[in-house]
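Any read-out appearing in this document is the output of simple, stated calculations on the displayed coordinates, not a laboratory observation. Just so you know, these numbers come straight off a predicted model, no measurement behind them. Here the Cβ positions follow ideal geometry from the backbone for every residue, glycine too, while neighbour counts run over all protein chains shown.
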There are 2 protein chains.
Amino acid sequence: MINPNQLVTGKTVRAACRNGAWTAPTCGLADGFAQANLVVLPKALAFDFLLFCQRNPKPCPLLDVTEPGDPVPHHVAPDADLRTDLPGYRVWRDGKLVDEPREIPSYWQDDFVSFVIGCSFTFESAMLRAGLPVRHIELGVNVPMFRTNIACRSAGAFHGPLVVSMRPLIPSDAVRAVQITTRYPSVHGAPVHIGDPSAIGIADISRPDFGDAVPIQAGEVPVFWACGVTPQAAIMAAKPPLVITHSPGCMFVTDVRDEELAVG
Amino acid sequence: MINPNQLVTGKTVRAACRNGAWTAPTCGLADGFAQANLVVLPKALAFDFLLFCQRNPKPCPLLDVTEPGDPVPHHVAPDADLRTDLPGYRVWRDGKLVDEPREIPSYWQDDFVSFVIGCSFTFESAMLRAGLPVRHIELGVNVPMFRTNIACRSAGAFHGPLVVSMRPLIPSDAVRAVQITTRYPSVHGAPVHIGDPSAIGIADISRPDFGDAVPIQAGEVPVFWACGVTPQAAIMAAKPPLVITHSPGCMFVTDVRDEELAVG
């Protein structure tokens with residue numbers, strides 16, 4: 001395995017994935033470059049999924065969508081190949097995980113449309129730069145994620161609840177986090193909720209549906225952001241004949257700088 | 001014709017359009033409610049057009065997209081009917097204007113997808129509230145619009161240049177206008193250019209490609225915003241077999257308040 005300190009740009013990470021030198025999660029690599037979720041679907045389902053993303057931009061912020069059959073995300077990484085440039089993939093048939101390949105040329109179809117979806121690493125970097133604590137990073141665990149009772153707007157076969165991630169903050173830091181993450185609408189943007197978990201249908205904040213629990217200290221409130229697991233859950237519920245995603249934590253690293261995604 | 005002073009909400013404007021009491025432009029009606037451009041296309045072209053909008057969000061900010069065959073824009077006006085609730089429509093076949101009906105039930109198809117696209121009225125209202133001058137409104141003419149040498153990102157059959165609208169401002173007001181319009185990314189957002197028209201391929205600022213010329217006073221600079229004519233021009237260039245749009249100035253008035261579209 002290559003030394004991660006050498007992987008300082010999107011280009012170097014993608015090359016290391018392509019030649020098999022890097023097959024681990026991408027967290028912490030290529031500091032300053034935006035990382036992204038990947039969803040690959042046949043064209044027959046692509047309109048409905050694109051509509052689902054358009055209707056639910058907070059959980060499904062699109063950074064790029066490819067032409068059918070084209071594995072190149074021309075907008076975010078014009079020299080990349082989405083079939084080989086991630087550390088690992090998951091292949092799902094009828095909603096069931098059937099393979100976890102290192103690359104997907106053998107699965108590729110001429111009608112595949114790829115969706116490159118922003119991820120929370122970008123706004124977490126901005127929070128850290130501003131001196132705000134990010135609890136799950138401090139603890140070295142996965143962010144806690146919860147299904148809510150907030151329904152996404154459906155589109156064709158795609159529907160499901162909004163899934164949120166949670167970061168505990170003292171109230172003044174929560175205000176600052178709203179300001180900071182508002183600047184990044186293409187990577188989930190501002191929080192969707194602050195405070196009482198039960199108000200959005202979360203019964204037990206110590207038992208996340210995905211990821212790991214983190215402690216909420218005295219004086220802190222839980223702050224909730226729309227999460228990229230939302231579109232994945234909607235896809236799995238729709239049980240499409242075939243869909244390919246990134247492997248958990250093994251994101252696509254783009255050429256886009258986090259700061260290019262800031263608005264205002 | 002009904003007294004425009006009675007048309008104070010999206011709902012009242014739409015009802016007046018539906019029963020034929022209002023057949024004129026919507027500028028100035030339902031103050032505070034967002035107005036929108038309309039594009040109706042058969043499903044076969046909808047994926048490519050949705051992709052065009054996703055790839056060019058500044059000129060093509062989507063407020064709502066309907067399910068195929070459904071004339072109701074559930075997100076922005078759940079009791080509306082897009083076939084009857086605008087003052088007037090244009091019907092285009094193979095890129096040629098063939099009819100200007102008051103309503104379109106007789107043209108409706110089960111595979112029609114409707115795109116509700118944000119318009120500049122929302123950010124102009126915000127500029128006026130902030131005390132900034134909006135020259136074409138002061139003069140009672142149409143905003144001047146220009147084709148630029150900036151290419152949109154293409155999608156399938158849809159391609160073409162970015163079209164911009166221009167408002168002259170003194171530099172300190174231009175700064176304020178950047179701040180104000182940044183808050184409204186779903187209605188064209190921040191300017192795309194300030195100053196030298198030739199830098200974006202505009203040969204003569206006194207001769208707009210669409211709309212009316214307005215004077216630029218001493219000390220003012222031209223400020224350019226992405227314009228909703230961009231997607232219309234891309235559609236006309238693609239010459240689809242059938243497309244329906246709003247009639248110029250005769251917008252769809254939504255239930256969404258301008259301020260709900262503000263980010264941050």
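Overview of results
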| quantity | calculated |
| --- | --- |
| Net charge dipole size for the protein assembly as shown [Lys, Arg +1 and Asp, Glu -1 on Cβ; Debye, nearest 20] | 40 debye |
| Alpha carbon convex hull of the protein assembly as shown, volume per residue in cubic angstrom | 157 Å³ |
| Sum of side-chain charges, B:Tyr184 neighbourhood, beta-carbon under 13 Å (Lys, Arg +1; Asp, Glu -1) | 0 |
| Cα-only Debye scattering, the stretch B:2-120: base-10 log of I(q)/I(0) at q = 0.21 Å⁻¹ | -1.32 |
| Inter-copy label distances at B:His159 (7 Å, Cα→Cβ; nm, one decimal) | 3.9 |
| 5 angstrom amide H check on B:Val221, placed H, neighbours 5+ away | B:Leu169, B:Ile170 |
| Simple Cβ-charge dipole of the stretch A:121-231, Lys/Arg +1 and Asp/Glu -1, about Cα centre, in debye nearest 20 | 300 debye |
| Between the stretch A:49-91 and the stretch B:209-255, the Cα center-to-center distance that results, in Å | 30 Å |
| Label zone at B:Asp94, where the point sits 7 Å out along the Cα-to-Cβ direction: the stretch B:237-252 residues whose backbone N lies under 16 Å | B:237-243 |
| Exposure proxy ranking, count of Cβ atoms within 10 Å, fewest first, for A:Val141, A:Val178 | A:Val141, A:Val178 |
| Between the stretch B:120-195 and the stretch A:127-193, the alpha-carbon center distance in angstrom | 32 Å |
| Shielding by partners - mean other protein chain Cβ count within 10 Å, residues of B:43-50 | 3 |
| Calculated from backbone phi, Karplus (6.51, -1.76, 1.60) coupling profile of the stretch A:61-66 in Hz, x at Gly/Pro | x, 7, 8, 6, 9, 8 |
| Value of [θ]222 nm, deg cm²/dmol, for the protein assembly as shown, DSSP H segments ≥ 4, -39500 (n - 2.57) each, nearest 500 | -6500 deg cm²/dmol |
| Entries of B:Lys11/B:Lys58; B:Lys43/B:Lys239; A:Lys58/B:Lys58 with Cα pairs more than 21 Å apart | B:Lys11/B:Lys58 |
| Karplus-derived 3J(HN,Hα), 6.51/-1.76/1.60, for each residue of the stretch A:77-82, Hz, glycine and proline x | 6, x, 9, 8, 10, 5 |
| Cβ nearest the rotation axis (A onto B), residue from chain A and distance to the nearest whole Å | A:Phe47, 2 |
| Whole-number percent relative contact order across chain B, with pairs defined as alpha carbons under 8 Å at least 6 apart | 31 percent |
| Relative contact order of the stretch B:121-231, defined on C-alpha pairs under 8 angstrom at six or more residues apart (%) | 35 percent |
| Per-copy distances of the B:Ala44 label point, shortest first, in nm (7 angstrom along Cα→Cβ) | 1.9 |
| Tensor-based shape of the stretch A:40-83 (alpha-carbon gyration tensor, a/c under 1.5 rounded, otherwise prolate or oblate) | oblate |
| Peptide-level mean, for A:53-61, of C-beta atoms on other protein chains within 10 Å | 2 |
| Across chain A: Cys residues that no other cysteine approaches within a C-beta distance under 4.7 Å | A:Cys17, A:Cys27, A:Cys119, A:Cys152, A:Cys227, A:Cys250 |
| Principal axis box of the stretch A:121-231, alpha-carbon based, largest edge first, Å | 42, 29, 24 |
| Dimensionless Rg ratio for the stretch B:7-46, taking C-alpha atoms and the 2.2 N^0.38 Å reference | 1.43 |
| Ordering of A:23-29, B:125-131 by packing [mean C-beta count within 10 Å, highest first] | A:23-29, B:125-131 |
| With eigenvalues of the C-alpha gyration tensor scaled by 5 and rooted, the stretch B:60-125, Å | 20, 16, 12 |
| ³J(HN,Hα), Karplus 6.51/-1.76/1.60, whole Hz, each residue of the stretch B:198-203, x for Gly, Pro | 5, 5, 10, x, 9, 6 |
| Across the identical copies, how the A:Gly131 labels are spaced - nm, sorted shortest first, 7 Å along Cα→Cβ | 3.4 |
| Translational diffusion of chain B, µm² s⁻¹ [Kirkwood Rh, Cα pairs; Stokes-Einstein; 10 °C; 1.306 mPa s] | 85 µm²/s |
